Amino acid sequence: MPSSHPTTAELTQSVIAAGREWQVEISSSDQGLQITARGGERLDVPIEFAVTDDELRAYYVEVSKSSLYPEDQKWQQWQSLMSTHLLEALHELDRHDAHCVITVGETGFTAVPQQLN
């Protein structure tokens, strides 16, 4: 658990761990995060997280502003809320009849339709 401000690597690993909670395989590479499998099924086209390191850090800062948890439990707050936002984005993926990317919107992770090249 990070002592004050988590590193990008810690934030990335927390997103990967949250994916496992929802039976989603998320991988990390130089190109960023990608959902590569859902419910044990490999995806033909991975779903990319169109999120920069700075956006991920800003997302953490925004979530940690909430007063749901005491100051010494901001990491737990991040894990709980980010995981919930990830689940909501997964539900959005299923509602769109198009390929999507995951971005950070006003309410956290969200699925945004995008055309494949």
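In this label model, T84 and Y69 are separated by 1.2 nm, measuring between points 7 Å along each Cα→Cβ vector. Backbone N atoms of the stretch 97-117 closer than 15 Å to the 7 Å Cα→Cβ label point of A58 belong to residues 103-110. Relative to the dominant Cα principal axis of the chain, helix 8-21 is inclined by about 60°. Note on surface exposure: R38, R95 rank R95, R38 by accessible area, highest first, 1.4 Å probe.
Please determine, in degrees from 0 to 90 and to the nearest 10, the orientation of helix 74-95 with respect to the longest principal axis defined by the Cα atoms of the chain, where the helix direction is its Cα long axis. Helix 74-95 and the main axis of the chain meet at about 20 degrees. Basic side chains Lys and Arg get +1 at the Cβ, acidic Asp and Glu get -1 at the Cβ, and with that the dipole of the chain about its Cα centre reaches some 180 debye. Each helix, a run of at least 4 DSSP H residues, gives -39500 (n - 2.57); summed and divided by the residues of the chain, these come to -13500 deg cm²/dmol at 222 nm.
Prolate is the label for the chain, because the ratio a/c of its alpha-carbon gyration tensor axes (a ≥ b ≥ c) is 1.5 or higher and a/b is greater than b/c.
Please name which of G108, I35, S4 has its Cα lying farthest along the dipole of the chain towards the positive end, using unit charges on Cβ (Lys, Arg +1; Asp, Glu -1) and the Cα centre as origin. Working it through, the farthest residue towards the positive pole turns out to be S4.
The values are calculated or read from the model by the stated rules, or taken from the named source; none is laboratory data. Since we're looking at a predicted model, the values are computed, not measured. Cβ atoms come from the backbone with ideal geometry, glycine included; neighbour counts cover every protein chain shown. Calculation scope for accessible area: heavy atoms of the full protein, side chains included, ligands and nucleic acids excluded. Shrake-Rupley method; radii C 1.70, N 1.55, O 1.52, S 1.80 Å.
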